[in-house]
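Taken together, the values in this text are just the output of simple stated rules run on the coordinates, not laboratory data. Not measured: the values here are computed from a predicted model. Here the Cβ is made from the backbone with ideal geometry for all residues, glycine too, and neighbour counts use every protein chain on show.
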Amino acid sequence: MCLAVVWSWPSAVAAQTTRPAVGPLAAEEPWEVRVAATEQVLWVARVAPSGSRLYQRGVSGQFGPGRRSNGRIDSLTAAENSAYVFFDDNRLYRYFADDEEPAPLHNLPERRGVVNMVAAGGGVLYALVDSQTARALTPLPPAEEPGAPPTPASHPFDPGSAALAVVAYSKGDTGQQWLPLVACPAAVQPTWSPRLHPRLALLRGELLLFWTDPAEPDRIHYVRLDGAKLEWRLGGTLGLPQLVGFWPVQINRVFTVAVSIARPDLGTERLAAFRLLGDGRDEWRPAELSLALPAGGAVKRVAEVLGFNQHLGALLFDPQDEPYLCFTRIGGTAAEPSLRVADIFIEKRPGLRDSNALHLAMLLLLALVFTALFVFRRRSMVTLVALPRQYELAFTFQRVAALAVDLVPFTLLGAVLWGVRWADGFRALTAWALGTDSAGSGLPELRVLGWWAASVGSYTTYSLIMELLTRRTVGKLLLGTRPLSESGDRPTRRQVLTRNLLRLVELLPPMWALGFLAVLTRNRQRLGDIFARTVVVRAAKRSGGEKTPDPGGTPEPPAPPDDSPAEPPEQARDDDPSGRCSALAGHQAECVKPSSRPHAALRPARRHPRH
């Protein structure tokens, strides 16, 4: 199961500011912030009196245009690529990252709200509700096996004296429905502080419950749920003086509890984190954090904490009540940039961020490339070139493998320098190439674009220098290929320059489709080869299956065509008893009859004067 970040009920997730609204919702109205995240998708909601707008981004993308809703979002929970939203009237909807339309889900009885909710993936939700809400649901007995689908029972659910109970949104007899699960321990009570409300969390499929006791406000208690018996097992405690908030989160598959510690003398707060280690015996180990506002100011309040893209993220407020979304990496340097929340809500993106202008520019460039191909180099794509006898056209897999050997090291090194996860960066570039960016912004974030531009620029420079000096790159050397002019000669400097500079066009993600030219054209040429009039070749095989030695000098030019009729094989054998001409017949060799006098065949014929 995919772990979702834990979020509180309405008052716990509301980060309110009196600043005027940014965007088209309404002018000069206050707005609040809701945040939720998984490792792959970050959700930010702007909630105003006139309605809400939900924004999202992936690990290597940027925030796209928000999705407008007339209702006010009260709470937000994330799992996999979805966000589960409770509105102010307690209607429940599921938003998908790649679909504009939300899906309505079943509401709780009488549209009651939740104290806290966590998503387990696969559409399964766990929520903390008051006991009266749980009592109105069809009860659920313990499953016979861990992970088995629950079966509703006939007897009513009795939470006893517990103030809160855990309910599950899972598959029942009538499809997805809310089912009561288990009553909370009697010590679990709703608190006056939104940031200290009881919270649910998932750890490797096991449900955990965290809470604070008003009698011990500086201590966090937690228990684990036995899924087979539906009984709470003893967990432990975590004591922290001046505790004002806590958030269980999952960061890079490590369970972490982030806490906010008050500094009464300064009127500020600081964020700390503890990681859960050990198997069987819980051990909480403090984690080093380096988290600050972009402007370097003090943190007045920590409103929420989340886990996203192997980072710990926090919704912070400065002394002027300006909200910021800041990120840090536990024990390392943060690669995610911190930003002002109001900047997320700016709908109009300048320059390259305008997806319509970007798509138009890419279409024009693609049209220009194809026009130039069919106007200037149409025949080269369908006419087979005459190669020297020691060469044949390189296989497509040789070209792809050589490209990988040469390009991948530059992308790996660039990913380290730019702080980009290699797989996530390529995922974002592929979404750009295919036009499937779920955020709708059209471009990956600037950090990914910078990484790809630096990688492609370094690779192009390397290929240009290597082909000018040694005629081929390391990848071509390992795969046994080399570039050659269509005339059969060594490529000129202009040809080498042309074929390499056009890589800058071919490696633009929207232009990756041009790579199929190496498969579709007659001479297996990519775009750079077509315009540079070059081909990539390999050593030809002899008749016995051995490869022809790959000479380092100038290739032997192709044999000129012989228009004279071929001599019949029988005639060649009669005139050539030694068989030397027959052996050369396949090469259209000219036969010379043996002579008893040495070198007689090489002497010119004697001319006799006329009388």
Cβ charges +1 (Lys, Arg) and -1 (Asp, Glu), total dipole of segment 174-283, debye:
260 debye
Can you give the net charge of the other residues whose Cβ lies under 15 Å from the Cβ of Val259, counting K and R as +1 and D and E as -1?
+3
Could you give the length gained on full extension between Asp218 and Thr470, defined as 0.36 nm per residue of separation minus the Cα-Cα distance, in nm?
83.8 nm
Label-point separation, Leu339 to Leu417 (7 Å along Cα→Cβ), nm
2.5 nm
Which far-off residues, 5 or more places away or on another chain, put their amide H under 5 Å from the one on Ile330, with H placed in the peptide plane?
Leu312
Residue by residue, what Karplus-based ³J(HN,Hα) values in Hz, rounded to whole numbers, does segment 85-92 have, using 6.51, -1.76 and 1.60 with θ = phi - 60° and x for Gly and Pro?
10, 9, 8, 5, 8, 6, 6, 10
Inter-label distance, nm, simple model (7 Å from Cα along the C-beta direction), Phe96/Val400
3.0 nm
For a Förster distance of 51 Å, can you work out the FRET efficiency between the beta-carbons of Ala103 and Leu477, rounded to the nearest 0.05?
0.40
Once the mean 1/r over all distinct Cα pairs of segment 376-483 is inverted, what Kirkwood radius in angstroms do you read off?
16.3 Å
Extension gain, Ser50 back to Ala295 (0.36 nm per residue minus Cα-Cα distance, nm):
85.1 nm
Taking all pairs of different Cα atoms in segment 457-498, averaging 1/r and flipping that mean, what Kirkwood radius in angstroms comes out?
10.6 Å
Diffing segment 522-534: the Karplus 3J(HN,Hα) column from phi (6.51, -1.76, 1.60, θ = phi - 60°), in whole Hz with x for Gly and Pro, holds 5, 9, 6, 9, 7, 4, x, 5, 4, 6, 8, 6, 10
What net charge is computed for the residues neighbouring Leu289, neighbours being all others with C-beta under 12 Å from the C-beta of Leu289, Lys and Arg scored +1, Asp and Glu -1?
+2
